[in-house]
There are 2 protein chains.
Amino acid sequence: MKGAESLVRTLVNGGVDVCFMNPGTSEIHFVDALDRVRDMRGVPCLFEGVASGAADGYARMAGKPACTLFHLGPGLGNAMANLHNAFRAWVPMVNVVGDHATYHRRYDPPLAADIEMLARQYSKFLRTSVASADLGRDCAEAIAAANAAPTGIATVIVPTDVQWGEDGRVADVPKIAEAPMPDGARVDGAAALLRNGRRTAILLGPRMAEGDALMTAGRIATATGATLMVPFGFARATRGAGLPPVERVAYVVDQALKQLREYEQFILVGADQPVAFFAYPGKPSVLTPEGAVIHILAERSENCADALTALADALGATNAQPRLQQAQKTAAPSGPITIDGLATAVAAVLPERAIAVDESITSGRGLIAATKGCPQHDWLVNTGGSIGVGLPFAVGAAIACPDRPVLSLESDGSGMYTLQALWTAAREGLAVTAVIFANRSYAILKGELSAAVENPGPRALDMLDIGRPDLDWVALAKGMGVNARRVTTLESLAREIQRGIESAEPNLIEVPL
Amino acid sequence: MKGAESLVRTLVNGGVDVCFMNPGTSEIHFVDALDRVRDMRGVPCLFEGVASGAADGYARMAGKPACTLFHLGPGLGNAMANLHNAFRAWVPMVNVVGDHATYHRRYDPPLAADIEMLARQYSKFLRTSVASADLGRDCAEAIAAANAAPTGIATVIVPTDVQWGEDGRVADVPKIAEAPMPDGARVDGAAALLRNGRRTAILLGPRMAEGDALMTAGRIATATGATLMVPFGFARATRGAGLPPVERVAYVVDQALKQLREYEQFILVGADQPVAFFAYPGKPSVLTPEGAVIHILAERSENCADALTALADALGATNAQPRLQQAQKTAAPSGPITIDGLATAVAAVLPERAIAVDESITSGRGLIAATKGCPQHDWLVNTGGSIGVGLPFAVGAAIACPDRPVLSLESDGSGMYTLQALWTAAREGLAVTAVIFANRSYAILKGELSAAVENPGPRALDMLDIGRPDLDWVALAKGMGVNARRVTTLESLAREIQRGIESAEPNLIEVPL
């Protein structure tokens, strides 16, 4: 068996059965293996940033890694920005990066690069496989590493001759050690804080704002009066009616300072102490109030979910009824598009089990508040701050959850980084409704510019303007085989979202602002 | 003066007066400085790979660096693939990458990354500026490094507080040491080889296939019977009627082996010994015949142009009349689109002083041969093999040479990586005619797959097919404000190229194959 086939079989063996790919000559044997390993689904992407972002969105929803396939250093380079986002969200992923044949490398051919140097900072596991007989094992160890707490990115670099060599061997994924429980003192410490009567926020890290962990956190919050929070760049939150309410830390520094000033104590569950996204002259970097108690209940490398359970036990809250978000029926709005109105329109039609992918930046600032009482749904956001992950997320989420509607809430500036995702959505027939809020500018940067300098000049403002010429998203979508229309009223926005979701087909709605 | 202003003034001072940019919050003070430093032209790009590719195309045509402006590690990541191409072409460029404020970095905010690690492999100069007072000097040294032989990429990382600090000082660019002449023995050695009667190829590196260097090389070739060649991934070649003819080393290994088998001696002028782009089982990595003499006349770090002049002197060829390419008038073809026919159509209408940007991969395989007798023009190709550089090249070349027509000859697969370049072409009103050869597949990979395995399977072939759904390039162009049409005959192809070039406006022609 060729090395490439042993690689693909080992991936499937390890539960990794979707590959978002943009292959080249040096990955052609991996591609060839797809005809022999039919349980691996190959999803072609026209740009690598689509593949890495889709693998991230997939993992957030599937709770397990997808793999990617990239063409040497430049292919990995194109994937990098969305690998940054995945890295910051502790998302499991297995990257397979092709390389020149081991014996060809020394001639420094044009596409040669130091792939390890490019891969290192986002990879918790990084190995260049050097023999076909080892490739299955290398891949199995990569899968184990991606899945072990804290989950993350594993990268296997595979020279072409290692792929085409005939002594490939399928490997079993090594058993992963369970994430350790944090020391009992940390549970007791958290319990003591929650009993001392001071105002406390519990910050939930990756995977803690969904499933059983969320319900446990809700019981603790209800029993103690603590507030549940996620960082501004959370990975995934299951929310809506019937679930414990969770606040999001604000992006704008002054707002976040005001929000967190209420609390004297912060308990971190796989989350970091909140810091400002950017520094500004005269403003603090750390968002928690000076002198606040910061208590780490569990690190990301520990068993955060069990730590929450132990904390609930210690508080006698295990069987408590958590306070739950009440259902709020939002009436569909009408009239011209406004920022508040578009949030209301989304809230009016967001269906049960929807997956909302939110990279709406300034246009979507009302969305989270407006949708809190909607039927139960999942919400994904950009975690690492590298824009251009929204449309790829939507592709990955739709492949992870083919029976659930995906609503992508995207800004025009961010959307343009990885618009090629629309083609993959069309090709795979994904149930993605992509709403593009088209304010025709990098509006957030105009705000930052105005905050940074008095009287911004016309040449500076012109650099932040993407409306000359206007982007025509209806045409762009059509160019990639996706049905699209433009809406200019809130009633048509709500109606078209509903129609798009019901169609269960890829479609796009441009919303000029 | 703010550090950012001192940076922009120093750039202009050093002759770097075009900035291809995709800024974010951490670069906002650079953007602000554009209103005070009006000699710097900011060119906004919707994706960083467009900016790095445009800076490359600009430098190839302007003969001097542009700068770029990127947003932290992920912004640089998005630029990476086209930095790879620029690196492989020894193109001068000054990258400015914003970073978090020096004091904010320690809090590891979401967008933090090890930017130096990402920048290192493609940067001959790399410095993180740590004080506003030093920023001008750091930038000046970066410009000097980019321009010193061998020219290349210089990267300055600029934390936000270093930009906003008030003690910026404009700096003068240090004088660059002249590139040294190679040892006289290397000139004498080359002369001896060229006199020994054996068949010799002279391989021309960056900047040697244009201007005076090309004419000198032509005299040497004519006087000695040697053949002038450029590598497959040459950086720029000035060609056409009235110029010395230069062969291009073939891409396909068997073809290259056959082409180079004719020669016993190779003289390298800032070029590398030709090697295969990729390795294949049973095929050699090195393309020159075994036992051939490889003689380095000049390294890229040496003065290659003067070495050629010295060689011509040594051969008594200084005043020789070089053999020149005869003008060949190509009649405009008619009938359905074919690979040969489209090359003829381009040859029939390619005007004098055109800049042809060629990333046409399989569809354009006849272009170079067909256009050899056209009126004098420049030809740019992808040097590092990372596809998606063509449309950005066209943007950069058009800004470098606003009075020359740019004809971008692009494949659909490659074009999709960086299609956002069309918007910048529209915004800047550039004289770019973009021809998209739409074969709706990664055709070169289908060839590679068929060569690698017997009977490729349907699932593998499906991964290399980008025609489900078809990309509609007319709609994509319209979506970015570029006029476009589709042609289905050779006569309309020739006519529309001519019309596009005469319009001196951005336009796109889709050619379904």
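The values are calculated or read from the model by the stated rules, or taken from the named source; none is laboratory data. Computed from a prediction, not measured in an experiment: that's the story for all the values here. As a convention, Cβ positions derive from the backbone with ideal geometry for all residues, glycine included, and neighbour counts pool all protein chains shown. Quick note on the areas: whole protein, heavy atoms, side chains included, nothing else; ligands and nucleic acids left out. Shrake-Rupley method; radii C 1.70, N 1.55, O 1.52, S 1.80 Å.
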Taking only the Cα positions of region A:414-467, the convex hull volume per residue in Å³ is 83
Taking the label point 7 Å from Cα in the Cβ direction, how far apart in nm is A:Asp403 from each other copy of itself, listed shortest first?
6.9
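Among B:242-253, B:420-431, what's the highest-first ranking by average C-beta atoms within 10 angstrom per residue? Could the numbers behind the result be given before it?
Working: B:242-253: 18.2, B:420-431: 25.0.
Per-residue mean Cβ counts within 10 Å order the peptides as B:420-431, B:242-253.
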For A:Val293, inter-copy label distances in nm, listed shortest first [label point 7 Å out on the Cα-Cβ vector]:
8.5
Please list A:173-181, B:12-20, B:345-353 highest first by mean number of surrounding beta-carbon atoms within 10 Å per residue.
B:12-20, B:345-353, A:173-181
Against the globular-protein guess of 2.2 N^0.38 Å, express the Cα radius of gyration of region B:225-277 as a ratio, rounded to two decimals.
1.15
DSSP beta bridge pairing in region B:203-347, given as percent antiparallel to the nearest 5:
10
Would you tell me the mean number of C-beta atoms belonging to other protein chains that fall within 10 Å of each C-beta in B:471-482, as a whole number?
6
Any idea what the relative contact order of region A:303-382 is, in percent, if you count C-alpha pairs under 8 Å spaced at least 6 apart?
30
Counting DSSP beta bridges with both ends in chain B, the antiparallel % (nearest 5):
10
According to a simple spin-label model (label point 7 Å from Cα along Cα-to-Cβ), what is the distance in nm between B:Asn319 and B:Asp254?
5.0
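Between A and B, buried accessible area summed over both sides at probe 1.4 Å, in Å² to the nearest 100? Provide the component values of the computation, followed by the final result.
On the way: alone 20980 and 20950 Å², together 33530 Å².
Roughly 8400 Å² of accessible surface disappears when A and B pair.
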Could you tell me what percent of the accessible area of chain B is made up of carbon and sulfur, with a 1.4 Å probe and every protein chain present?
49
Under unit Cβ charges (Lys, Arg +1; Asp, Glu -1), what dipole magnitude, rounded to 20 debye, does region B:199-248 have relative to its Cα centre?
60
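How long are the three semi-axes of the equivalent ellipsoid for region A:1-121, computed from the Cα gyration tensor as the root of 5 times each eigenvalue, in whole Å, largest first? Walk me through the intermediate numbers first.
Working: eigenvalues 95, 73, 25 Å².
Each semi-axis is √(5λ); the values are 22, 19, 11 Å.
Relative contact order for region B:1-73: what percent, with Cα pairs under 8 Å and sequence separation of 6 or more? Display every interim value, and only then the final one.
Values: 104 pairs, mean separation 29.8, N = 73.
Result for region B:1-73 is 41 percent.
Using 1/(1 + (r/R0)^6) with R0 = 35 angstrom and r between the beta carbons of A:Gln273 and A:Ser450, what's the FRET efficiency to the nearest 0.05? Provide the component values of the computation, followed by the final result.
Values: r = 29 Å, r/R0 = 0.83.
FRET efficiency, A:Gln273 to A:Ser450: 0.75.
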Cα extents of chain A per principal axis, largest first, Å, are 65, 60, 46
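Which value, to two decimals, describes the C-alpha radius of gyration of region B:235-342 once divided by 2.2 N^0.38 Å? Working shown, then result.
On the way: Rg = 17.9 Å, N = 108, 2.2 N^0.38 = 13.0 Å.
Taking the Cα Rg and dividing by 2.2 N^0.38 Å, one obtains 1.37.
Normalized C-alpha radius of gyration of region B:363-513, against 2.2 N^0.38 Å? Intermediate results must be reported in sequence, preceding the final value.
Values: Rg = 16.0 Å, N = 151, 2.2 N^0.38 = 14.8 Å.
Normalised by 2.2 N^0.38 Å, the Cα Rg of region B:363-513 equals 1.08.
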Among DSSP bridges having both ends in the protein assembly as shown, what percentage is antiparallel? Round to the nearest 5.
10
The answer for region A:146-228, accessible area per residue at 1.4 Å probe in Å², is 42
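Using a 10 Å cut-off on Cβ to Cβ distances, tally the other chain neighbours for every residue of B:273-286 and report the average as a whole number.
Values: counts 1, 2, 7, 6, 7, 13, 14, 6, 5, 0, 0, 2, 8, 2.
Average per residue, whole number: 5.
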Other chains near B:111-118: what is the mean number of their Cβ atoms within 10 Å of each residue's Cβ?
5
Where the centre of each part is set by its Cα atoms, how far does region A:340-396 sit from region B:87-139, in angstrom?
34
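Percent relative contact order of chain B, based on C-alpha pairs within less than 8 angstrom and at least six residues apart? Don't jump to the answer; show the numbers that get you there.
Numbers: 1259 pairs, mean separation 73.6, N = 513.
Once normalised by length, the contact order is 14 percent.
With the cut-off at 21 Å, report for region B:90-221 the share of all Cα pairs above it, as a whole percent.
On the way: 4975 of 8646 pairs.
Counting pairs separated by more than 21 Å, the tail of P(r) holds 58 percent.
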Between B:Asn455 and the same site in the other copies, what are the distances in nm, shortest first, taking label points 7 Å from Cα along the C-beta direction?
7.8
Summing -39500 (n - 2.57) over every DSSP H run of at least 4 residues in chain A and dividing by its residue count gives a helix-only mean residue ellipticity at 222 nm, to the nearest 500 deg cm²/dmol, of -11000 deg cm²/dmol
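Looking at this model, which pairs from A:Lys478/B:Lys372; B:Lys64/B:Lys258; A:Lys124/A:Lys175; B:Lys64/B:Lys372; A:Lys329/A:Lys446; A:Lys64/A:Lys446 are more than 29 angstrom apart at the alpha-carbon? Don't skip to the end; give the middle numbers.
Values: A:Lys478/B:Lys372 38 Å; B:Lys64/B:Lys258 37 Å; A:Lys124/A:Lys175 17 Å; B:Lys64/B:Lys372 27 Å; A:Lys329/A:Lys446 35 Å; A:Lys64/A:Lys446 38 Å.
The pairs that break the limit, which is 29 Å between Cα atoms, are A:Lys478/B:Lys372; B:Lys64/B:Lys258; A:Lys329/A:Lys446; A:Lys64/A:Lys446.
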Take the Cα coordinates of region A:14-68, assign each an equal point scatterer, and use the Debye formula without solvent to give log10 I(q)/I(0) at q = 0.25 Å⁻¹.
-1.02
Total charge dipole magnitude, region A:328-419, about the Cα centre, Cβ charges on Lys, Arg, Asp, Glu only, Debye to nearest 20:
220
Rounded to the nearest 10 Å², what accessible area does B:Asp188 have for a 1.4 Å probe in the complete protein model?
100
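How much area per residue is accessible in region A:1-47 when the probe is 1.4 Å and only protein heavy atoms are counted (Å²)?
Working: 1040 Å² over 47 residues.
Solvent-accessible surface per residue comes out at 22 Å².
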Translational diffusion of the protein assembly as shown, µm² s⁻¹ [Kirkwood Rh, Cα pairs; Stokes-Einstein; 10 °C; 1.306 mPa s]
54
Which order do the peptides A:117-125, A:324-332, B:368-376 take when ranked by the mean count of other beta-carbon atoms within 10 Å per residue, highest first?
A:117-125, B:368-376, A:324-332
Report the label-to-label distance for A:Arg195 and B:Ile339 in nanometres (one decimal), using points 7 Å from each Cα along the Cα→Cβ vector.
7.9
Can you grab the distance from the C-alpha centre of region B:11-67 to the C-alpha centre of region A:416-469, Å, no decimals?
19
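Quick one: if the Förster radius is 35 Å, what FRET efficiency do B:Ala332 and A:Asp470 give, using the C-beta to C-beta distance and rounding to 0.05? Working shown, then result.
On the way: r = 36 Å, r/R0 = 1.03.
Efficiency at R0 = 35 Å is approximately 0.45.
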With chain A rotated onto chain B, spot the residue of A whose Cβ lies nearest the axis and note the distance in whole Å.
A:Ala475, 2
